[in-house]
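Note sheet for the following structure.
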Amino acid sequence: MRPSLLPGGHPMKKSPALAVALFLFVLSAALVGYRIFFLGYPVFPTVTETSWRLSAQAEVEPGQVDEIQILLALPVENAGRVISEERIFSSSLTAGLSREGPNRFCQWKGDSESKNVDISYEATILLRPGKTPEKGIPPVPEDSGWIDREDLQLAERLARPWRALKPADRIGAAAAAARGEWKPEPGAEDLAAWIALQRKRGSTRPLLLLLRASQVPARSVEGLRFADEVRSRPMRWIEAWNGKDWEILWPNTGEIEPDPASLLPLAFGSVRALAVSPGRVVDARWSVSQQVVGAWSLLLGRLRNSGSFLDRWSLFSLPAEFQPTFRILLLVPMGTLIISVLRNIIGFPTFGIFMPVLMALAFRNTGLFYGLGIFAGVVFIGYAVRNRVDRLRLLLVPRMAVMLTLVIACFTVLALVGQQFDLRQFMAVGLLPFVILTMVIERFYILVEESGVRQGLETAVGSAAVSVIAYAIISWEALQMTFFLYPELLAAVAAFQVLLGRYTGYRLSELFRFRSLGGAA
């Protein structure tokens, strides 16, 4: 009678296995979906993205007092900019992060011991051009202690004709005035006073004063440009609020920046990007460089500071030396699933299910080519010796002990050969599953004796082929990272294994093997 193609061979009988598989699928999908949609995990963790590496180093000379305080302005994260992998260092001071209005700082404090102090900061910044940053709130006016009453009255007279304009037009008029293009032209006396003010105060503060007189919220900013460059001090520009967005003006030229996303603000308002109290900055350097990183590495920095349960229990919290091991182990169930499909659906002959997986793990150290060669050599040498040992009529356990001793002796000889000819792959043979190989030799011998050499060779070749496929799966870095980031995918793998365990239909190899019977029918 032809076997049923339905799982379990009982189409009318419900199996609890289906309910278990469905539950595992739903559990896996729910956890992965929660990570992606609510925790912001990447859908494809191995996709590479272009990011920027920010680095800031400074050497500071302390003042006369024992305690020193250093403030370094840091970039702020928003919807269009993701900051990760932050590293803070100082040779002798303690560091901490703080916020003050729109500014974010790293603050170093401690006993200077009358010697220069080195500090450094590094971070990876990913830009997301498709996402609009959160709309800022117009700033509180900066400290105006430097403004003279006469200077303020001058700016109000110059800006009076623009007050009927829209905010964006007022910003444009102030930018044009910074370039010397006044509309309308002010009186000669006011124009001369304005030029004198610029000479006295520089270009930034007079332009801020002019924008303020135009009733446009504005603030000065220190920051960097996203370009491969090294600077001894950040650039300075002005941000003006047009009612919807911040527009960037360059005080020295009066130009409006066409690409605000290309700039990285560090310090807003009267705050400096680097400040020391007491003491002075001996040397400072900011560098920005472009780099290509995986999406998972950009997530890593956020995971370390997250309060979410799934984030805190992520495998990324493991010590770095243990993580590569678990990247491989998490794919072993996937390898066994593929082997089950190859055996139960396609019909590959193998020496069990665990031998190909263990061999695939060993191939990662010996290399695929050397691993297959060692596997074939040990099996056939073991078969020849097993044939001779059979004449001794030993009991099963002593006979297996003899074969195990032979396998280990072969590994030892291979290691010595590898040492003499500088073949490190031969020296890694100790990682091969020698107990499993011993069992393979025994099963290979019995199979040849009972079913013939052809059947034994087919099973050996099938085992090697399945090991190669399992090796390709386990070595697939993209799959490693996906399972490492989403270990709940193991529930989906288990669901497939449960469904596969209910399959009792034909194997593809059987359909090919018995095709002549189908034609006769």
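How do the pairs read when you match residues in the stretch 21-39 that are of a type outside the set (Gly, Ala, Ser) with residues anywhere that are open to solvent by 60 Å² or more (accessible area, probe 1.4 Å), using Cβ under 8 Å and keeping only pairs 6 or more apart or on different chains?
From residues that are of a type outside the set (Gly, Ala, Ser), the pairs are 36/43.
Would you confirm, using the coordinates I've provided, whether residue 89 is aromatic (Phe, Trp, Tyr), within 16 Å of residue 222 (Cα to Cα) and in contact (Cβ under 8 Å) with a residue 12 or more places away in the chain?
The answer is no for residue 89.
Under 7 Å by Cβ, and 6 or more places apart or on different chains, what pairs join a residue from the stretch 315-337 that is within 29 Å of residue 468 (Cβ to Cβ) and of a type in the set (S, T, N, Q) with one that is open to solvent by less than 80 Å² (accessible area, probe 1.4 Å) and modelled with pLDDT of 80 or more?
Pairs found: 323/315; 336/357.
Please verify whether residue 32 is of a type in the set (A, V, I, L, M) and exposed (fewer than 13 other Cβ atoms within 10 Å of the Cβ), treating the condition exactly as stated.
No.
Quick one: which residue in 456, 505 is in a loop (DSSP other than H, G, I, E, B), of a type in the set (Gly, Ala, Ser) and open to solvent by less than 50 Å² (accessible area, probe 1.4 Å)?
505
In this structure, does residue 439 turn out to be open to solvent by 50 Å² or more (accessible area, probe 1.4 Å) and either of a type in the set (D, E, K, R) or at pLDDT below 85 (or both)?
Answer is yes for this residue.
Checking residue 388 against (1) closer than 17 Å to residue 458 by Cα; (2) free of Cβ contacts under 8 Å to residues at least 40 places away in the same chain: exactly one of these is not met. Which one?
(1)
Checking the conditions here, which among 341, 357, 397 is surrounded by 21 or more Cβ atoms within 10 Å (Cβ to Cβ) and out of contact with any strand residue (DSSP E or B) (no Cβ under 9 Å at 6 or more places or on another chain)?
357
Would you point out which residue out of 416, 394 is free of Cβ contacts under 8 Å to residues at least 24 places away in the same chain and not in a helix (DSSP H, G or I)?
Just a single option satisfies the conditions, and that option is 394.
Which numbered condition trips up residue 487, out of (1) at pLDDT 85 or above; (2) assigned to a helix (DSSP H, G or I)?
If we test residue 487 against (1) at pLDDT 85 or above; (2) assigned to a helix (DSSP H, G or I), just (2) comes out false.
Kindly indicate whether residue 424 is more than 28 Å from residue 475 (Cα to Cα), surrounded by fewer than 16 Cβ atoms within 10 Å (Cβ to Cβ) and charged (D, E, K, R).
Considered against the rule, which asks whether it is more than 28 Å from residue 475 (Cα to Cα), surrounded by fewer than 16 Cβ atoms within 10 Å (Cβ to Cβ) and charged (D, E, K, R), residue 424 comes out as no.
Among the residues of the stretch 202-244, which ones are assigned to a strand (DSSP E or B), open to solvent by less than 10 Å² (accessible area, probe 1.4 Å) and not aromatic (Phe, Trp, Tyr)?
220, 221, 223, 224, 238, 240
Given the criteria open to solvent by 40 Å² or more (accessible area, probe 1.4 Å), among the small types (Gly, Ala, Ser) and closer than 24 Å to residue 384 by Cβ, does residue 463 qualify?
no
Restrict the check to the stretch 363-376 and report whether at least one residue is in contact (Cβ under 8 Å) with a residue 40 or more places away in the chain, under 30 Å from residue 501 (Cβ atoms), open to solvent by 30 Å² or more (accessible area, probe 1.4 Å) and of a type in the set (D, E, K, R).
Yes; the residues of the stretch 363-376 include at least one that is in contact (Cβ under 8 Å) with a residue 40 or more places away in the chain, under 30 Å from residue 501 (Cβ atoms), open to solvent by 30 Å² or more (accessible area, probe 1.4 Å) and of a type in the set (D, E, K, R).
Wholly within the stretch 94-201, which helices (runs of 4 or more DSSP H) include no fewer than the required count, namely at least 3 residues that are open to solvent by 80 Å² or more (accessible area, probe 1.4 Å) and either charged (D, E, K, R) or modelled with pLDDT of 80 or more (or both)?
The qualifying helices (runs of 4 or more DSSP H) are 149-159, 188-201.
Which of the residues spanning the stretch 61-93 are among the hydrophobic types (A, V, I, L, M, F, W, C), part of a strand (DSSP E or B) and closer than 29 Å to residue 290 by Cβ?
Within the stretch 61-93, 70, 71, 72, 73, 74, 82, 83, 88, 89 qualify.
Sort out which residues of the stretch 419-440 are touching a residue at least 24 places away in the same chain (Cβ under 8 Å) and among the aromatic types (Phe, Trp, Tyr), and write them in order of number.
426, 434 - these are the residues of the stretch 419-440 that are touching a residue at least 24 places away in the same chain (Cβ under 8 Å) and among the aromatic types (Phe, Trp, Tyr).
Can you confirm whether residue 492 is of a type outside the set (D, E, K, R), at pLDDT 85 or above and over 26 Å from residue 404 (Cβ atoms)?
Considered against the rule, which asks whether it is of a type outside the set (D, E, K, R), at pLDDT 85 or above and over 26 Å from residue 404 (Cβ atoms), residue 492 comes out as yes.
Just one of the numbered conditions (1) closer than 29 Å to residue 233 by Cβ; (2) among the hydrophobic types (A, V, I, L, M, F, W, C); (3) open to solvent by less than 40 Å² (accessible area, probe 1.4 Å) is not true of residue 39; which one?
Going through (1) closer than 29 Å to residue 233 by Cβ; (2) among the hydrophobic types (A, V, I, L, M, F, W, C); (3) open to solvent by less than 40 Å² (accessible area, probe 1.4 Å) one by one, residue 39 breaks only (1).
What helices (runs of 4 or more DSSP H) completely inside the stretch 249-362 contain at least 3 residues that are modelled with pLDDT under 85 and in contact with an Asp or Glu (Cβ under 9 Å, 6 or more places away or on another chain)?
Result: 295-304.
The values are calculated or read from the model by the stated rules, or taken from the named source; none is laboratory data. This structure is a prediction, so every number in the text was calculated from the model and none was measured. Cβ coordinates were reconstructed from backbone atoms using ideal geometry, including for glycine residues, and neighbour counts include every protein chain displayed. SASA here: full protein model, heavy atoms, side chains in, ligands and nucleic acids out. Shrake-Rupley method; radii C 1.70, N 1.55, O 1.52, S 1.80 Å.
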